[in-house]
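Okay, structure first, notes after.
The values are calculated or read from the model by the stated rules, or taken from the named source; none is laboratory data. Quick caveat, the model's predicted, so the values are computed rather than measured. Here Cβ is always computed from backbone atoms with ideal geometry, including for glycine, and neighbour counts include all displayed protein chains.
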Amino acid sequence: MDDVIRRISPHTTDQPLELLHREWLVSNGLGGYASGTLSGHVTRRYHGLLIAALPSPLGRIVMLNHLCEFLRGPDGRLHPFGGMEPNFDAASDSGGGLHYLEEFRLENQLPVWRYAIEGVVIEKRVLLVHGQNTVHLSYTLTSEQQGLKIELRPGLHFRAHEEDVGEPTDQDYLITIRGSRYEIHSHTHPAQLRLVMQNQEGGFYHEGNLLQEIFYQKEAERGYRSRGKLWSPGYFSLPLRHLREATLTASTEPWEILLALSPEQARRYETQRRQRLISIAHPSLREGALPELVIAADQFLIRPSGRIEDVARAQAAGDEVRSVIAGYHWFTDWGRDTMISLEGLTLATGRYVEAGWVLRTFAHYIRDGLIPNFFPDGKSEGVYHTADATLWYFHALGRYLAHTGDTATLEAVLPGLREILEKHVSGTRFHIRVDPEDGLLSQGAEGYQLTWMDAKVDDWVVTPRRGKAVEINALWYNALCLMEAWLNQLGEPLEAQKISQRAHRVRESFNRRFWNAAEGFLFDVVDGERGEDAACRPNQILAISLTHPVLDPLRWNAVLDVVRARLLTPVGLRSLSPEHEDYKARYFGDLRARDAAYHQGTVWAWLIGPFIDAWLKTHPEDQEGARKCIAGLLPHLDEACVGSISEVFDAEAPFTPRGCVAQAWSVAEVLRCWVKTSSTDTKTMP
């Protein structure tokens with residue numbers, strides 16, 4: 001299979017500092033990652049060459065923040081390239097050897113930089129070993145000069161990746177040297193970093209406790225502390241030979257694991273693994289830019305090894321623990337995002353076994369009829385304040401069963417499904433309960449944001465939506481219909497009949513209560529704190545898009561026409577109509593300003609999926625038109641996180657990407673909808 005390559009040339013733009021705003025990402029399947037800007041400059045607290053995913057209570061820890069990179073010529077002159085010089089300010093337009101960069105490319109979604117430094121051509125690669133907290137940083141001389149060395153100065157500040165960059169740097173690091181092996185410890189941090197040069201001719205030069213100040217430009221833009229210091233023990237010097245790799249390896253793994261594979265072996269195995277992912281994906285995802293997204297999807301599927309008890313429990317039962325990182329850099333695994341993303345990340349890509357693992361993993365966490373909203377970094381227990389994640393679980397399970405027919409998993413999770421329905425009817429946490437007057441599902445607790453529109457700043461819940469939310473009840477009806485079918489399938493018709501009667505009542509009440517005749521679309525919330533909320537939002541599209549649509553088909557076209565006219569953009573759906581007084585066209589500024597706009601106009605890429613589902617229900621022959629709705633996201637693969645899709649976009653042209661630079665449900669819904677709009681019969685999926 002040919003390599004999948006995406007190239008970015010810095011010479012194609014009049015704004016070379018754009019390379020400060022484009023980012024790269026490599027993950028390790030554990031939740032750990034490496035990430036930075038194409039220019040090599042650190043602009044976020046989350047940037048680093050090794051963010052390790054460690055067992056609870058540590059979580060994700062920045063272990064290797066940065067390398068200053070220098071080429072030393074035969075005459076002894078130093079040329080900085082790739083990374084920042086000490087005290088370089090990323091907001092300026094000089095320094096750091098940015099002008100030496102000839103090309104950035106992704107090879108099978110692995111980053112490669114090519115530098116031309118006064119006739120010397122060097123290629124740099126970054127590789128994280130799958131299933132390990134190990135990074136290989138490799139440099140290859142592709143020109144034929146002699147007498148060259150590369151000098152690498154690591155910058156360190158062991159900290160949780162969410163921690164303020166301005167926190168004092170521990171200057172009491174210790175470096176232990178045993179031959180070619182180097183270990184860095186901190187008295188105040190339990191993790192340790194192991195470093196080794198995969199080139200025995202190299203050497204290490206200790207220079208004491210040097211401090212380098214870094215300006216984190218993105219943190220300044222987001223209203224956070226933006227200057228911090230990195231500690232350096234000295235520098236590594238590695239000779240460069242024509243076409244021979246010189247590699248610095250950094251890891252938190254034991255030495256025997258760290259050294260089990262050479263960098264060349266690790267890259268070969270990782271390339272083979274990524275090519276296998278493409279080979280098992282739906283045929284329509286093996287051409288053009290789609291193979292890149294198949295590999296991008298892999299970044300979000302993780303084995304949360306930090307939750308040791310869960311891993312032990314699953315393995316004892318002959319299973320595996322799997323979850324989904326909602327987005328990089330700051331999200332952990334979220335229940336809602338996992339269930340919305342499951343079909344695109346796993347079923348469209350042929351990873352059915354892992355889909356089953358994800359569903360069975362979350363079934364274990366059902367408490368009081370709810371699945372977790374998310375798992376905090378470094379914690380083993382989930383947080384449950386969500387009204388919709390549990391209902392999305394039914395949707396994800398339904399899609400999984402439609403693809404696999406895995407009755408064994410259905411039977412295994414059935415007790416949990418029964419508990420969910422019983423608790424929702426009788427009432428559970430956060431006032432989530434069925435209203436006996438109309439059978440609709442109500443939710444809301446003071447100080448909590450329970451729907452997917454969940455922005456909150458201190459005590460301010462921006463869009464509380466307490467009451468009966470439109471998509472919550474669409475999901476509730478869908479869950480009841482799915483449960484009815486499953487019970488009939490398993491030979492329990494009496495219980496299925498009771499569920500059917502409840503679903504019928506929900507449908508009748510929904511169409512009576514939610515139809516806004518004056519506006520010709522659906523209320524966003526009924527029986528809310530201020531009565532009916534007539535804001536035009538995308539949530540109503542779920543009343544059509546789900547497997548079992550709750551909305552009367554006679555009203556489908558009216559809703560679609562409004563959503564198409566007011567909310568549809570080339571990169572997703574706006575979260576609020578521009579006609580509304582609370583509409584915000586841009587998502588930027590400090591936390592309060594961003595959260596005020598998060599669901600008040602900001603475009604969400606994932607919503608294009610439900611829109612396409614609804615569109616094809618009303619225009620089943622218009623696959624070409626439906627595909628055009630996602631075509632606008634493909635040029636975005638050159639922006640933000642190259643090769644992936646962002647969380648959100650500004651609500652107006654040029655639809656600037658914002659939020660997380662790589663978001664699970666954004667990638668997943670493009671993959672899923674690409675398959676859905678493919679001429680290839682989806683029933684032939686492997």
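The table for this structure:
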quantity: Strands (runs of 3 or more DSSP E) wholly inside the range 157-197 containing at least 1 residues that are touching an Asp or Glu at 6+ places or on another chain (Cβ under 6 Å) and of a type outside the set (Gly, Ala, Ser); calculated: 173-178, 189-197
quantity: Members of the range 119-174 found to be of a type in the set (Asp, Glu) and under 19 Å from ARG45 (Cβ atoms), listed by number; calculated: GLU162, GLU163, ASP164, GLU167, ASP170
quantity: Qualifying residue in the range 562-585 (condition: on the phi > 0 side of the Ramachandran plot, assigned to a loop (DSSP other than H, G, I, E, B) and buried (at least 17 other Cβ atoms within 10 Å of the Cβ)); calculated: no
quantity: Members of the range 466-488 that are closer than 26 Å to GLY416 by Cβ and of a type in the set (Lys, Arg); calculated: LYS468
quantity: Some residue of the range 633-656 being more than 24 Å from LEU20 (Cα to Cα) and among the aliphatic types (A, V, I, L, M); calculated: no
quantity: Checklist (1) in a loop (DSSP other than H, G, I, E, B); (2) within 18 Å of the chain's Cα centre (by Cα); (3) closer than 23 Å to TYR477 by Cβ applied to THR349, failing item; calculated: (3)
quantity: Hits in the range 595-620 (condition: among the hydroxyl-bearing types (Ser, Thr, Tyr) and over 18 Å from GLU669 (Cβ atoms)); calculated: TYR598, THR618
quantity: Hits in the range 291-340 (condition: within 10 Å of the chain's Cα centre (by Cα), closer than 24 Å to LEU391 by Cβ and among the small types (Gly, Ala, Ser)); calculated: ALA297, ALA326, GLY327
quantity: From the options ARG72, ARG44, residue that is under 28 Å from the mean Cα position of the chain (by Cα) and either closer than 21 Å to GLN299 by Cα or of a type in the set (Lys, Arg) (or both); calculated: ARG44
quantity: Test result for THR271, under 18 Å from CYS68 (Cα atoms), modelled with pLDDT of 95 or more and not in a loop (DSSP other than H, G, I, E, B); calculated: no
quantity: Hits in the range 53-71 - residues which are part of a strand (DSSP E or B), farther than 21 Å from GLY166 by Cβ and out of contact with any Asp or Glu (no Cβ under 6 Å at 6 or more places or on another chain); calculated: ALA53, LEU54, LEU67, GLU69, LEU71
quantity: Any chance PHE394 is of a type in the set (Phe, Trp, Tyr), buried (at least 19 other Cβ atoms within 10 Å of the Cβ), assigned to a loop (DSSP other than H, G, I, E, B) and in contact (Cβ under 8 Å) with a residue 40 or more places away in the chain; calculated: no
quantity: Residues being at pLDDT 85 or above, of a type in the set (A, V, I, L, M) and either in contact with a helix residue (DSSP H, G or I) (Cβ under 7 Å, 6 or more places away or on another chain) or within 25 Å of PRO239 (Cα to Cα) (or both) - total across the range 163-217; calculated: 8
quantity: Selection status of THR407, in contact with a helix residue (DSSP H, G or I) (Cβ under 9 Å, 6 or more places away or on another chain), buried (at least 19 other Cβ atoms within 10 Å of the Cβ) and either touching a residue at least 40 places away in the same chain (Cβ under 8 Å) or closer than 30 Å to ARG286 by Cβ (or both); calculated: no
quantity: Options LEU576, LEU568, LEU560, LEU633: the member that is closer than 30 Å to HIS504 by Cβ and at pLDDT 95 or above; calculated: LEU560
quantity: Unique match (being in contact with a Gly (Cβ under 8 Å, 6 or more places away or on another chain), in a strand (DSSP E or B) and not charged (D, E, K, R)) among LEU211, LEU238, LEU248; calculated: LEU238
quantity: The range 94-152, residues that are without any contact (Cβ under 8 Å) to a residue 12 or more places away in the chain and either crowded, with 17+ Cβ neighbours inside 10 Å or of a type in the set (D, E, K, R) (or both); calculated: none
quantity: Residue check, GLU270 surrounded by 13 or more Cβ atoms within 10 Å (Cβ to Cβ), free of Cβ contacts under 8 Å to residues at least 60 places away in the same chain, among the charged types (D, E, K, R) and under 30 Å from ARG153 (Cβ atoms); calculated: no
quantity: Residue within the range 600-622 that is surrounded by fewer than 23 Cβ atoms within 10 Å (Cβ to Cβ), assigned to a helix (DSSP H, G or I) and modelled with pLDDT under 95 present; calculated: no
quantity: So ALA326, is it farther than 20 Å from ARG307 by Cα and modelled with pLDDT of 95 or more; calculated: no
quantity: Close pairs from the range 21-33: first outside any strand (DSSP E or B), partner surrounded by 24 or more Cβ atoms within 10 Å (Cβ to Cβ) and among the charged types (D, E, K, R), Cβ under 9 Å, at least 6 apart; calculated: GLY31/ARG60; GLY31/ASP333; GLY32/ARG60
quantity: Any hit, the range 220-227, residues being exposed (fewer than 15 other Cβ atoms within 10 Å of the Cβ) and in a strand (DSSP E or B); calculated: yes
